[in-house]
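The values are calculated or read from the model by the stated rules, or taken from the named source; none is laboratory data. Because the structure is predicted, anything quoted here is derived from the model rather than measured. As a convention, Cβ positions derive from the backbone with ideal geometry for all residues, glycine included, and neighbour counts pool all protein chains shown.
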Amino acid sequence: NNFDGHDFIKEAYEKGARLFLISDKSKWPKNLRAKYFVLPEEKLKSLYFDICHFVYKTQEIFKNVKVIGITGTNGKTTTSFSLYYILKDFEKVGLIGTEEYILDKEHIPSFRTTPPLDYLLFLFKKAYEKNIKYIIMEVSSHALDQKRVYKIPFYISAFTNLSQDHLDYHKTLENYFISKLKIFFQTQKYGLINPYNFYSDLIKNFEKIYPCKILKLPLYKDKKILKIDKDIIKLNTNLIGDYNLENVAFAAFMAYLLKVDKDIIEEKIKNLKIPGRLEKVYKNIFIDYAHTPEGLKKVVLTLKNSFKNKKILVLFGAGGNRDKYKRPMMLKEIKNLADKIILTMDNPRNEDDILILLDILKAEGNLTSIEKNKIYDTLKNKGIYNFSPKITLIRFRDKAIKYAIENFKDYIILLAGKGNENYIEIQGKRYPFSDKEEVLKWV
């Protein structure tokens, strides 16, 4: 979205390219002697994707490597890591997702939850060369809509849940849902859905149009067991939270469908470690990646239920150049659950970080221009603004974390939004930053 490929024609020519496929004849450089064909943009994309599959010989790859795809608003990382953790001691396994790309013992930094198709197929080729049997991957709605998983055959797929997110891109919740559904049209064997999510019944009602069999998670007894035919899998896990039982159940069910013994599944899920997902970094301090209204609410409720005699402090912000509609909804969802709220920076990207905080404050009603200007100027000059006894705005995240730790020692502190990320993105540049490391500076 930030570049026009036509601008690189001369550079490609200088590097040896002599045949070009373009979508706009008017952008062909003058006096450049090379052959070119003009195609509609969508056809051009599909042709490029087909060429990628041809170059990487994916027909041979997918005969030997089974791909498991996981989509959903929340829970993709926890589900994929849980399945990876179950399988990794028995098979060669790959993992592609938000945290990192793992190919057996090789770890590659992740730059996108679901990378572009050409790079994705490059990873699949490496997996094939390493004799990896399973690739577990997070599949984002953007990836499904932009064909980043074009013609990738998922052996099993899972749709964890759906709630508001990415409406800056999809515009409506309906479009967002339709994008997620595309994963089932590429699934060969089983498509798993969550019986506790409203959208699952809609998926089940149209299961005849999919090439795969749609299965609901067979959860029973307060989500504590999976009952599959005559087999029962007990979901005794160290992960806290009702929603995490659903994520672990998805992983356990997929492992069972991959013929892993149920006793092994039960043993492996007892001690799961999911980086940045309700991860305890100090005795009273947790970090979590929750960055949607529903996700944040679930994490806060989990902490309240786990620490009934403790007050809860929630520190969060909202990412720039992302869904603006969810910003006030996040505050609205937790205002009556948290005892103290600190609003702060979270990857503002190319937006004004203070204006993002003002967007979140819309949950408190419409502020006058005078009030907005006062908050803006105070944050710009002093870095902190006490909006109310419950809500404090602290512009810079490192200072916000220090403030929370020093002033609320008896609270359970949740640092939400960034999880295990090791950077903060400001004006297109990523600077080293870690919630976990900031905590360890001040405890």
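Taking into account only those residues within segment 424-433 that are touching a residue at least 24 places away in the same chain (Cβ under 8 Å) and outside any loop (DSSP other than H, G, I, E, B), which is farthest from Lys280 (Cα to Cα)?
Here is the first cut: in segment 424-433, the ones touching a residue at least 24 places away in the same chain (Cβ under 8 Å) are 424-428, 433.
Those left that are additionally outside any loop (DSSP other than H, G, I, E, B): 424-426.
Working: Ile424: 21, Glu425: 24, Ile426: 27 Å.
The qualifying residue farthest from Lys280 (Cα to Cα) is Ile426.
Out of Leu245, Leu272, report the one residue that is under 26 Å from the mean Cα position of the chain (by Cα) and in contact (Cβ under 8 Å) with a residue 40 or more places away in the chain. Write out each step before concluding.
Working: Leu245 fails: in contact (Cβ under 8 Å) with a residue 40 or more places away in the chain.
Checking each option against the conditions leaves just Leu272.
I'd like to know if segment 170-181 contains one or more residues that are closer than 13 Å to Ser80 by Cβ and among the acidic types (Asp, Glu). Quick ask: steps written out before the conclusion?
If we filter segment 170-181 for residues that are closer than 13 Å to Ser80 by Cβ, which is where we start, we get none.
Checking segment 170-181: not a single residue is closer than 13 Å to Ser80 by Cβ and among the acidic types (Asp, Glu).
Pick from segment 211-224 the residues that are at pLDDT 95 or above and out of contact with any Pro (no Cβ under 9 Å at 6 or more places or on another chain): which of them is nearest to Ser306 (Cα to Cα)?
Step by step, filter segment 211-224, then rank; the result is Leu215.
Scan (1) buried (at least 16 other Cβ atoms within 10 Å of the Cβ); (2) modelled with pLDDT of 95 or more for the single condition Leu440 breaks and write down its number.
(1)
Filter segment 338-370 down to the residues that are touching a Gly at 6+ places or on another chain (Cβ under 7 Å) and surrounded by fewer than 20 Cβ atoms within 10 Å (Cβ to Cβ), then identify the one that is farthest from Ile426 (Cα to Cα).
Glu351
Answer with yes or no whether Leu144 is at pLDDT below 95, of a type outside the set (S, T, N, Q), closer than 25 Å to Glu246 by Cβ and within 16 Å of the chain's Cα centre (by Cα). Don't jump to the end; show me each part of the working.
Values: at pLDDT below 95: no; of a type outside the set (S, T, N, Q): yes; closer than 25 Å to Glu246 by Cβ: yes; within 16 Å of the chain's Cα centre (by Cα): yes.
No; evaluated as a whole, the condition is false for this residue.
Given the options Lys409, Lys335, name the one that is touching a residue at least 40 places away in the same chain (Cβ under 8 Å), closer than 23 Å to Glu294 by Cβ and either surrounded by fewer than 16 Cβ atoms within 10 Å (Cβ to Cβ) or in the same structural domain as Asp165 (by TED's automatic domain parsing) (or both). Quick ask: steps written out before the conclusion?
Working: Lys409 fails: closer than 23 Å to Glu294 by Cβ.
Sole residue among the options that is touching a residue at least 40 places away in the same chain (Cβ under 8 Å), closer than 23 Å to Glu294 by Cβ and either surrounded by fewer than 16 Cβ atoms within 10 Å (Cβ to Cβ) or in the same structural domain as Asp165 (by TED's automatic domain parsing) (or both): Lys335.
Among the candidates Asn2, Asn31, single out the residue that is out of contact with any strand residue (DSSP E or B) (no Cβ under 7 Å at 6 or more places or on another chain), closer than 30 Å to Pro293 by Cβ and outside the structural domain of Asp118 (by TED's automatic domain parsing). Please lay out each step first, then the result.
Working: Asn31 fails: closer than 30 Å to Pro293 by Cβ.
Selected residue: Asn2, the only one of Asn2, Asn31 that is out of contact with any strand residue (DSSP E or B) (no Cβ under 7 Å at 6 or more places or on another chain), closer than 30 Å to Pro293 by Cβ and outside the structural domain of Asp118 (by TED's automatic domain parsing).
Name every residue in segment 282-320 that is surrounded by fewer than 19 Cβ atoms within 10 Å (Cβ to Cβ) and either aliphatic (A, V, I, L, M) or touching a Cys at 6+ places or on another chain (Cβ under 6 Å) (or both), in order of residue number.
Leu301
Would you check if there is a residue in segment 260-271 being closer than 21 Å to Gly72 by Cα and surrounded by fewer than 21 Cβ atoms within 10 Å (Cβ to Cβ)?
No: zero hits.
Look through Glu279, Glu266 and report the one residue that is touching a strand residue (DSSP E or B) at 6+ places or on another chain (Cβ under 7 Å), closer than 30 Å to Phe433 by Cβ and not aliphatic (A, V, I, L, M).
Result: Glu279 is the single residue among Glu279, Glu266 that is touching a strand residue (DSSP E or B) at 6+ places or on another chain (Cβ under 7 Å), closer than 30 Å to Phe433 by Cβ and not aliphatic (A, V, I, L, M).
Among the numbered conditions (1) surrounded by fewer than 17 Cβ atoms within 10 Å (Cβ to Cβ); (2) of a type in the set (A, V, I, L, M); (3) touching a residue at least 12 places away in the same chain (Cβ under 8 Å), tell me where Leu144 comes up short.
Result: Leu144 passes all but (1).
Somewhere in segment 111-121, is a residue within 15 Å of Lys66 (Cα to Cα) and assigned by TED's automatic domain parsing to the domain that holds Ser80?
So the first thing to find is which residues in segment 111-121 are within 15 Å of Lys66 (Cα to Cα), and the list is 120-121.
From what's left, assigned by TED's automatic domain parsing to the domain that holds Ser80: 120-121.
Yes.
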